[in-house]
Each structure stands twice: as C-alpha cells, then as structure tokens.
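Let me begin by presenting the structure, written as structure tokens, before commenting on it.
The values are calculated or read from the model by the stated rules, or taken from the named source; none is laboratory data. Worth saying up front: this structure is predicted, and the values here are computed from it rather than measured. All Cβ positions, even for glycine, are placed from backbone atoms using ideal geometry, and neighbour counts span all protein chains on display. All accessible areas refer to the heavy atoms of the entire protein, side chains included, with ligands and DNA or RNA removed. Shrake-Rupley method; radii C 1.70, N 1.55, O 1.52, S 1.80 Å.
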Amino acid sequence: MDRALISRALRSRPLAIGAAVIAAILAGAVATLAWGELGVRPGELVSAARGDAGTKVTFVLERLRGPRLLVGIGAGIALGLAGALFQTVTRNPLGSPDVIGIGAGAGAGVALSTLLAPGLVPAPVGALLGAAAAIGLVHVSTGLGFASPARVIITGIGVSAMALAVTQYVVAVALRDRSSQLAGYLVGTLNSRSLDQAALIGIALVVLIPGIALVSHDLRMMDLGDELADALGGSALRTRTAAIGLSVLLAAAAVAVAGPVSFVALAAPHIARRSAGAPGPQLVLSALVGALIMVLADLAVQHVAPVKDLPVGVITAGLGGVYLGYLLLAEWKRSDA
C-alpha cells in the first residue's frame with residue numbers, strides 16, 4: 001500500500017475511534033435517562049429541551065438521573081485526562097494519580113471531616129482537602145518537587161499507605177456506627193449527586209483544559225525523551241511539573257464530586273492509545289474513553305441485577321483489576337521475548 005495512504009489511515013483512525021466513542025457515550029446517556037420505571041422517553045427529552053417538561057420529567061432530569069449522569073461524564077473526562085498526562089510525563093504505563101495518593105488522601109479527608117466536623121464540612125470539601133494534603137506531602141517529601149518521576153511514585157505509595165491507615169482507623173474505631181454511610185463515598189459513587197456537583201466538575205474542566213492545550217505540544221516531545229525534548233526547545237522539567245500539577249487538579253476535582261473512583265485514570269489512556277494505534281498521549285480520546293467507562297459502569301449499577309445499587313467504584317475497581325492483570329501479563333511477555 002502507498003505510504004501516503006498508510007499515513008492518512010493512521011491519522012484518521014483516532015478520529016474514527018473518537019466518533020465511535022462519542023456515539024457510545026450518547027447511547028449510554030440516553031439509556032441511563034430512559035431505562036426503567038422512572039425513565040424519560042426520547043420524546044419527553046425533546047419536550048424537556050424545548051422547556052415543556054412535566055413534573056416527573058423535571059424531577060428525573062434535575063434531581064434523580066441527570067446530575068449523576070453529568071457528574072459521571074465530567075469525572076470520567078477528568079480522570080481520563082489526568083491518567084494520560086501522568087503516564088506521559090512519568091513514562092510509566094502503570095502510573096496514575098491514584099498511585100501518588102490522591103484517592104487515598106481524599107478518603108482520609110472525608111473520614112477526618114466526618115469525625116472532626118460532622119455536618120459542618122461537606123464530603124466533597126473534605127475529599128478535596130485530603131487530596132490536596134496528600135499531594136502537598138508528596139511534593140515536599142521527594143525533595144525535588146515533581147522533577148523525579150521515580151521519587152514521586154515511591155513517595156506517593158508511602159503517602160497512600162499512611163492515608164489508608166488514617167481512614168481505616170477512623171472507620172473501624174471512631175465511626176463504627178456511621179461506617180456504612182462512609183463506605184459508598186470511600187469507594188466512589190454517583191448516587192445522590194446534585195446539579196451543584198455537576199457544575200463543579202464542569203467548571204474544573206473549563207478552567208483546566210486550556211492549561212492542557214498549552215502543554216500538549218511539549219507533551220508530544222516528551223515521548224522522545226528528556227534530552228531530545230530539551231534539545232528541541234522544550235523543557236522536560238517544566239512540562240513534567242505542569243502536567244503532574246494539572247493531572248493532580250483534575251483527579252482532585254473528580255474525587256470531590258464522585259469519590260476516589262479507581263482505575264479509570266489508569267485504564268482510559270491505555271485503551272485510547274491501543275485503539276488509536278498512533279503515538280502520543282491521545283488526550284482527547286483518553287477523556288472520551290474515561291467518560292464512556294463511567295457512563296457504562298453507572299448504567300450497570302442502576303439496572304443490572306448482580307451489581308445493582310453498588311457504588312460505581314466497585315465496578316471500575318473490578319474491571320480495572322482485570323485490566324491491570326492483563327497489562328502485567330503483557331509486560332512480562334514483552335520482557336521475556
């Protein structure tokens with residue numbers, strides 16, 4: 001086949017995959033809103049878009065299913081982007097913001113806020129403060145900020161362990177009676193989300209995505225290695241620090257509205273890169289795949305009997321564990337070859 005045709009096919013493949021993922025997200029969104037006794041039929045959705053919705057439709061869209069759908073899509077986009085940024089600048093295929101303590105720190109923040117200021121500090125605020133404290137501790141403890149990926153990951157594992165210990169202490173010893181209420185949030189859930197939380201993740205994406213656009217060119221050069229990136233006019237240290245900072249903020253925003261949902265940030269960039277079959281971080285496709293994972297996982301916990309009413313984080317953790325095992329086997333086979 002002509003080289004030009006091959007090159008054109010490789011360039012168009014990510015666009016085709018992206019279009020297919022968007023179609024799947026829309027199908028999942030319509031199913032989320034329409035499935036079941038309280039489902040909103042497509043005709044009622046059209047009427048609602050024209051401002052002519054009944055009481056039941058308004059309740060479902062504004063209070064019951066609409067907010068959790070929007071939060072799921074927004075959190076999925078944030079986690080997909082966060083994972084793609086983190087894996088690109090650390091060059092670690094198993095890296096994600098979860099590894100450096102974001103999720104564990106958020107869980108500890110919720111547990112401590114529930115213990116020390118019950119009713120005064122909302123869970124999302126506690127999660128955000130916990131995630132910020134965890135990443136701040138990682139930044140200080142490495143001695144080099146985010147300059148060394150190896151130090152960031154090793155220190156993050158230690159911070160995760162400490163945060164998990166704090167959470168387990170609070171849940172097991174201090175909050176026995178309220179531990180069941182905390183359980184859903186600590187795993188990651190979209191139950192009882194509000195339009196305020198949907199607005200929060202939307203604002204975070206609007207503010208942070210332009211920052212990603214500014215570093216996207218330098219991110220592609222990072223694939224060539226730090227020395228070549230510096231030689232081509234970029235700054236590997238500056239790009240790595242900016243990318244990890246943006247990744248942390250995106251993950252913290254997702255955790256604040258949905259809890260520490262596991263493995264989306266790890267799996268979405270991998271699926272995006274393998275589907276696209278092209279080099280580079282595949283940021284847009286990673287974001288779309290993250291949103292699709294969240295929509296489908298939430299659809300399952302709402303309607304599929306074996307997992308019905310479970311926190312969405314249980315589904316993503318289960319699927320992510322299987323995918324992580326697949327990645328490890330692939331890496332071992334590659335190293336043995």
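Numbers below:
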{"read-out": "Sole exception among (1) under 17 Å from Tyr169 (Cα atoms); (2) hydroxyl-bearing (Ser, Thr, Tyr); (3) touching a residue at least 24 places away in the same chain (Cβ under 8 Å) for Thr88, by number", "value": "(1)"}
{"read-out": "Subset of the stretch 196-217 [closer than 16 Å to Ala254 by Cβ, touching a residue at least 40 places away in the same chain (Cβ under 8 Å) and open to solvent by less than 70 Å² (accessible area, probe 1.4 Å)]", "value": "Gln197, Ala198, Ile201, Gly202, Ala204, Leu205, Leu208, Ile212"}
{"read-out": "Of the criteria (1) open to solvent by 40 Å² or more (accessible area, probe 1.4 Å); (2) not in a helix (DSSP H, G or I); (3) not hydroxyl-bearing (Ser, Thr, Tyr), which one Ile271 fails", "value": "(2)"}
{"read-out": "Qualifying residue in the stretch 200-207 (condition: at pLDDT below 80 and either farther than 19 Å from Gly101 by Cα or outside any helix (DSSP H, G or I) (or both))", "value": "no"}
{"read-out": "Filtered residue count, the stretch 12-40, keeping only those that are of a type outside the set (Ser, Thr, Tyr) and open to solvent by 40 Å² or more (accessible area, probe 1.4 Å)", "value": "15"}
{"read-out": "Hits in the stretch 218-234 (condition: surrounded by 11 or more Cβ atoms within 10 Å (Cβ to Cβ) and part of a helix (DSSP H, G or I))", "value": "Asp218, Leu219, Arg220, Met221, Met222, Asp226, Leu228, Ala229, Asp230, Ala231"}
{"read-out": "Any pair with Cβ under 8 angstrom, 6 or more apart, that starts in the stretch 117-139 at a residue that is in contact (Cβ under 8 Å) with a residue 24 or more places away in the chain and ends at one that is in a helix (DSSP H, G or I) and open to solvent by 60 Å² or more (accessible area, probe 1.4 Å)", "value": "Pro124/Leu200; Gly130/Leu112"}
{"read-out": "Among residues of the stretch 79-118, those that are more than 21 Å from Val138 (Cα to Cα) and buried (at least 24 other Cβ atoms within 10 Å of the Cβ), counted", "value": "1"}
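Yes/no per residue for (1) assigned to a helix (DSSP H, G or I); (2) at pLDDT 85 or above:
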position	(1), (2)
Ile6	yes, no
Ala16	yes, yes
Ala24	yes, yes
Ala27	yes, yes
Glu37	no, no
Gly43	yes, no
Asp52	no, no
Val57	yes, no
Val71	yes, yes
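Quick grid of which residues meet (1) over 29 Å from Thr167 (Cβ atoms); (2) modelled with pLDDT under 80; (3) in a helix (DSSP H, G or I):
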residue: Ile244; (1), (2), (3): no, no, yes
residue: Ala251; (1), (2), (3): no, no, yes
residue: Val255; (1), (2), (3): no, no, yes
residue: Gly280; (1), (2), (3): yes, yes, no
residue: Pro306; (1), (2), (3): no, yes, yes
residue: Val314; (1), (2), (3): no, yes, yes
residue: Gly321; (1), (2), (3): no, yes, yes
residue: Gly325; (1), (2), (3): no, yes, yes
residue: Leu329; (1), (2), (3): yes, yes, yes
